[in-house]
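**Q** Pasting in a structure now, in structure tokens, and then I'll have a few things to ask.
Rule-based calculations on the coordinates, nothing more; no lab input. Predicted model only: the values in this text are computed from it and were never measured. Note that each Cβ is placed from the backbone with ideal geometry, even for glycine, and that neighbours are counted across all protein chains shown.
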Amino acid sequence: MALRLAEKQAIVAEVNEAATKALSAVVSDYRGLTVEQMTTLRAKARDTGVYVKVVRNTLARRAIEGTDFECLKDTLVGPTMFAFSQEDPGSAARLLKGYAKDWEALQVKALSIGGRLLSADQIDRVASLPTRDEALSLLMAVMQAPITKLARTLNEVPGKLVRTVAAIRDQKQAS
């Protein structure tokens with residue numbers, strides 16, 4: 001079924017808006033997936049803040065023009081599905097990596113973060129990126145560590161004194 005010009009423009013505008021807001025993108029080949037599998041993938045994507053869209057390659061080229069993901073143009077061959085991470089950079093990679101393990105038909109072609117094109121074998125590195133909450137907790141732990149260490153060190157002085165006095169008392173009682 002042929003799309004009218006207005007429909008094509010709407011698709012390009014929608015994907016372009018998602019691409020400009022996205023932190024990372026994963027391009028994959030979805031050939032061979034069933035409708036049920038695609039529905040499951042899309043539902044999980046909505047829950048994790050990932051925008052998933054199957055787009056014709058000519059429309060996709062126009063949609064990613066002028067965005068950080070323009071480097072993905074060369075990978076647009078064959079059936080293409082875009083997954084844009086909206087909340088944290090690794091969410092789309094985590095989503096597609098998990099489903100690619102279960103479904104062999106889903107093949108990751110390439111990914112991009114911050115305008116850099118990464119090959120499909122780099123998906124493990126991107127998927128292991130911490131979420132925003134994990135990154136904040138790591139930062140807080142690093143910031144809190146010196147204070148905690150100082151408090152433990154200062155607390156050790158009276159603790160050592162108490163242990164020494166207790167040892168002397170035990171020694172006197174034993175004599």
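**Q** Restricting the range 1-54 to residues that are touching a Pro at 6+ places or on another chain (Cβ under 9 Å) and among the charged types (D, E, K, R), which is nearest to residue 84 (Cα to Cα)?
**A** The extreme case among them is 29.
**Q** Condition (residue is farther than 24 Å from residue 10 by Cα, out of contact with any helix residue (DSSP H, G or I) (no Cβ under 8 Å at 6 or more places or on another chain) and of a type in the set (Lys, Arg)) applied to the range 118-130: is it met by at least one residue? So that I can check it myself, show each step before the final result.
**A** Applying the first criterion (farther than 24 Å from residue 10 by Cα) to the range 118-130 yields 118-130.
Now narrow it down to the ones that are out of contact with any helix residue (DSSP H, G or I) (no Cβ under 8 Å at 6 or more places or on another chain): 119-122, 125, 128.
Restricting the remaining residues to those that are of a type in the set (Lys, Arg) gives 125.
Yes, there is a match, as at least one residue in the range 118-130 is farther than 24 Å from residue 10 by Cα, out of contact with any helix residue (DSSP H, G or I) (no Cβ under 8 Å at 6 or more places or on another chain) and of a type in the set (Lys, Arg).
**Q** Residues in the range 123-175 that are of a type outside the set (A, V, I, L, M, F, W, C) and under 30 Å from residue 84 (Cα atoms): how many?
**A** Looking only at that region, the number is 9.
**Q** Among the residues in the range 132-155, are any in contact (Cβ under 8 Å) with a residue 60 or more places away in the chain and under 22 Å from residue 20 (Cα atoms)?
**A** Within the range 132-155 (the criterion being in contact (Cβ under 8 Å) with a residue 60 or more places away in the chain and under 22 Å from residue 20 (Cα atoms)), the answer is no, since none of the residues qualifies.
**Q** Now for a separate question. Six or more apart or on different chains, Cβ atoms under 8 Å: show the pairs whose first residue is in the range 85-101 and without any contact (Cβ under 8 Å) to a residue 40 or more places away in the chain and whose second is in a strand (DSSP E or B) and buried (at least 18 other Cβ atoms within 10 Å of the Cβ).
**A** Going by the 8 Å Cβ cut-off, the qualifying pairs are 97/108.
**Q** Working carefully through the options 96, 41, 111, find the one that is within 15 Å of the chain's Cα centre (by Cα) and assigned to a helix (DSSP H, G or I).
**A** After ruling out the rest, the residue left standing is 96.
**Q** Scanning the range 82-112 for residues that are buried (at least 17 other Cβ atoms within 10 Å of the Cβ) and charged (D, E, K, R), which turns out farthest from residue 27 (Cα to Cα)?
**A** Per the stated criteria, the residue is 88.
**Q** So, one more: Would you check if there is a residue in the range 20-30 being part of a loop (DSSP other than H, G, I, E, B) and surrounded by fewer than 13 Cβ atoms within 10 Å (Cβ to Cβ)? Show your work before the answer.
**A** Initial filter on the range 20-30 (part of a loop (DSSP other than H, G, I, E, B)): 22-23, 30.
Still in the running and surrounded by fewer than 13 Cβ atoms within 10 Å (Cβ to Cβ): none.
No, because not a single residue in the range 20-30 is part of a loop (DSSP other than H, G, I, E, B) and surrounded by fewer than 13 Cβ atoms within 10 Å (Cβ to Cβ).
**Q** Suppose we filter the range 67-81 for residues that are touching a residue at least 40 places away in the same chain (Cβ under 8 Å), surrounded by fewer than 16 Cβ atoms within 10 Å (Cβ to Cβ) and of a type outside the set (Asp, Glu); how many remain?
**A** Looking only at that region, the number is 2.
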